[in-house]
Structures are given as C-alpha cells and as structure tokens.
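A.B. asks: Before we start, here is the structure in question, set down as structure tokens.
The values are calculated or read from the model by the stated rules, or taken from the named source; none is laboratory data. Because the structure is predicted, anything quoted here is derived from the model rather than measured. Methodologically, a virtual Cβ is constructed for each residue, glycine included, from the backbone with ideal geometry; neighbour enumeration extends over all protein chains shown.
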Amino acid sequence: MRTACFTSFALSYLPRARVMALSLARAHPDWERWALLVDRAPPGHEADFADFHHVVPVESLSIPRRRHWLFKHDLIEACTAAKGRMLEHLLELGVERVVYLDPDIVVFAPLASVLAEMARASLVLTPHQTAPATSPQAAIDNERGSMTTGIFNLGFLAVRNDAQGRAFAAWWAARLHEACYDDRPAGLFTDQKYVDLAPALFGGVSILRDPGCNVASWNLDHRPLEFTQEGVLTAAGAPVSFFHFTKVGGAGDAMIERYAGENPVPFELLAWYRRALAAAAVPALDGLPWAYGHFTDFTPIPHAARLAWRAHPELWGRFDDPFAAGPGSFAAWLMEPR
C-alpha cells in the first residue's frame, strides 16, 4: 500500500527535518518521504534535500493568491497553515495513506500501532495526554496546556484516502486557509485546535493511546523512559515508535528536565539529539532569514503589519504584492500618517 510521509518546515529547520527523514528511512524504507518547504533559498545557498524523495515549495501548491495569503502568517503559522493543502495534494495524487510528522520528531521503531489503526480508521490522532497528570504542576503544565492549545498534538497525523479521510482533509484545509493563527484569546492555536472537533464531525476517527507514540515533554510525567537490556527505548514499558523533540534548545529542555527527575535516560536522549542535529547541520544556511519574513528591501515585517493585512482584506485588491517595498507599496501605506 502506497504510503507518503510529509513534513513542513522552513530552511532554519532543515537539520531537524534531515534527522527525522533519516530515522523514518530506517524504520519504513518503503514509505515516500515528502518535504513541504515554506521558504526559499537565496541564490548561492543551495539546500541538501537528498534525504527526501520529493520537495514541494509552498508556492507550487494550489493556494489562491499565495503571496497575499502567506503575508498573513508568521513562520510557524505559515508552516502549519500549508499542511492542510499539502494533505489534500497527496490524497489527490492517489496516495493510499498519508502520515504527517513534525520535523523535530525522530522515529525509533516502525509505526506498527499506527498502521494497525489505519487498517480500520480514516484518521488517526495522538492526544497530548493519555493518563491523568501525576502532580499539580503537571496538571498546570500539561492538562491545562492541552485545554489551551489542543487535545491532540498535530506533530503527528495519519489519514487514509477514503471518503471520510478526504472529507476531513477538505474541511481542515479550508479552516487553515481561513485562519491558522496563534491567537489563543480567539480560541485558535495554528492548525491544532481545529482538530479537537474532528471526532465529533467525522466518522472513522481513531484516538491512538499507544504510550510509545508521540512521546514528548508534555507526557513524560506518566511515560517514564527506559532502555531495555537489549537497548530498546521504552516509554511506560512500551517500545518508543517516535519521540517529539519539541523546542529542544529552549523551553522544551526545561520541561524535559522538570519531568525527568532522577532518570538519566531523557538527558541521554537530549544529548544524542543535539549530536544528530550537529551532524545534519547545513553551514551554508546558517543565519539566513526566512524568505517570507521581510519586505523586498529586507526590512523585517512587524507582526502588526500582518495583523493589519488580516483585518483589512480590501487591501488585497489594492496591492499586487504585499511583500514589495517602495512607493505605492503596502509597506509605504503602513507608514502613512492616519
């Protein structure tokens, strides 16, 4: 059965994406590996995508008025907003099973439980938590966090190419096209909060409770990590299929440290991941700005400009390219006194 796994990222995340792709190739060498690139490398800064079978630039997707649409989003919003259309694209190509993995995920073993669920389900989701928090602090960090950002972690998603799977993809892509923002007061958290509705709106939704799938800082309090005598990484006694190294190098480190306690295994895992990222580094891309993070004169786009662009869709007919700079541009309009 043809299976495609895709990830979505900007060039700053290419080392993570390479580590993910290499790990996936070891576990599932027969799966197609697709990269959705929400970025552009400037001339003379070529990126190495040899670990992927296919690379799809975001501007090649069927998105109406792509540059107008891209301008609405910051980097994370754009990388998540494009996931819905990419899912539709792969289903339209006739791929029978589509799996999404965040670029900061590492696959440690075949996704056997995912494949078992996909044999009967149209959509497979993994909750952030599958057991009650073990402390008041964990309830604040993890349970309340899920109530804010979404019950299911969208670093993983699996969709079968059947009527329910296609219906979900069309609905999700439409919602992400309309509003994929980190706007928690409005009840939005990029692509993730929408999927809280999926079990109510669609049939064939499987909630995967395998403790070895999507192990991360937000569930380590009830998924302690260990190595067996044979060297197999386990979480709560189950073999780890994939681990989500979210925000490693930042807040993710602190959360893993908080819930590791005296267990050395999470720290060994973090040290290994840092070495893997260093080995996958692309020095030619170090320090490059995001292609959609600045105007054409390389002035950074302030977040307020993106908010104004969202709030005034009538401007879309007035400015051919919101990224342009100079007289008569949206950037110049922003500077006019009002």
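A.B. asks: Exactly one of (1) farther than 28 Å from T296 by Cβ; (2) assigned to a helix (DSSP H, G or I) is unmet by D51. Its number?
C.D. replies: (2)
A.B. asks: Here is a further query. Scan the stretch 116-128 for residues that are under 14 Å from G155 (Cα atoms) and not in a strand (DSSP E or B) and report the count.
C.D. replies: Summing the residues that are under 14 Å from G155 (Cα atoms) and not in a strand (DSSP E or B) in the stretch 116-128 gives 2.
A.B. asks: Next question, about the same structure. Mind telling me which of the residues R66, R85 ends up being free of Cβ contacts under 8 Å to residues at least 60 places away in the same chain, within 16 Å of C180 (Cβ to Cβ) and not aliphatic (A, V, I, L, M)?
C.D. replies: R66
A.B. asks: So if I check each of P103, P29, P64, P43, which one is within 20 Å of A280 (Cβ to Cβ) and more than 19 Å from the chain's Cα centre (by Cα)?
C.D. replies: From the options P103, P29, P64, P43, the qualifying one is P29.
A.B. asks: Of the conditions (1) buried (at least 20 other Cβ atoms within 10 Å of the Cβ); (2) farther than 18 Å from Y194 by Cα; (3) small (G, A, S), A119 clears all except one; give me its number.
C.D. replies: It is condition (1) that A119 fails.
A.B. asks: Scan the stretch 118-166 residue by residue and report those that are in contact (Cβ under 8 Å) with a residue 60 or more places away in the chain and aromatic (F, W, Y).
C.D. replies: Within the stretch 118-166, just F156 meets the criteria.
A.B. asks: From H244, H294, H312, grab the single residue that is touching a strand residue (DSSP E or B) at 6+ places or on another chain (Cβ under 6 Å) and not assigned by TED's automatic domain parsing to the domain that holds A17.
C.D. replies: Only one candidate passes the filter, namely H294.
A.B. asks: Exactly one of (1) loosely packed, with under 15 Cβ neighbours inside 10 Å; (2) farther than 21 Å from C5 by Cβ; (3) in contact with a helix residue (DSSP H, G or I) (Cβ under 7 Å, 6 or more places away or on another chain) is unmet by M147. Its number?
C.D. replies: Tallying (1) loosely packed, with under 15 Cβ neighbours inside 10 Å; (2) farther than 21 Å from C5 by Cβ; (3) in contact with a helix residue (DSSP H, G or I) (Cβ under 7 Å, 6 or more places away or on another chain), M147 fails exactly one: (3).
A.B. asks: One residue is enough: does the stretch 180-194 have a residue meeting the conditions crowded, with 20+ Cβ neighbours inside 10 Å and out of contact with any helix residue (DSSP H, G or I) (no Cβ under 8 Å at 6 or more places or on another chain)?
C.D. replies: The answer is no; no qualifying residue exists.
A.B. asks: How many residues are aliphatic (A, V, I, L, M), free of Cβ contacts under 8 Å to residues at least 40 places away in the same chain and surrounded by 17 or more Cβ atoms within 10 Å (Cβ to Cβ) if we restrict to the stretch 26-55?
C.D. replies: So the count comes out to 2.
A.B. asks: Please state which of the following conditions H68 fails to meet, knowing it meets all the rest: (1) at pLDDT 95 or above; (2) under 21 Å from P300 (Cα atoms); (3) surrounded by fewer than 22 Cβ atoms within 10 Å (Cβ to Cβ); (4) out of contact with any Pro (no Cβ under 8 Å at 6 or more places or on another chain).
C.D. replies: Among (1) at pLDDT 95 or above; (2) under 21 Å from P300 (Cα atoms); (3) surrounded by fewer than 22 Cβ atoms within 10 Å (Cβ to Cβ); (4) out of contact with any Pro (no Cβ under 8 Å at 6 or more places or on another chain), H68 violates only (4).
A.B. asks: Considering only residues that are among the aromatic types (F, W, Y) and assigned to a loop (DSSP other than H, G, I, E, B), which ones fall in the stretch 80-115?
C.D. replies: Correct list: F108 only.
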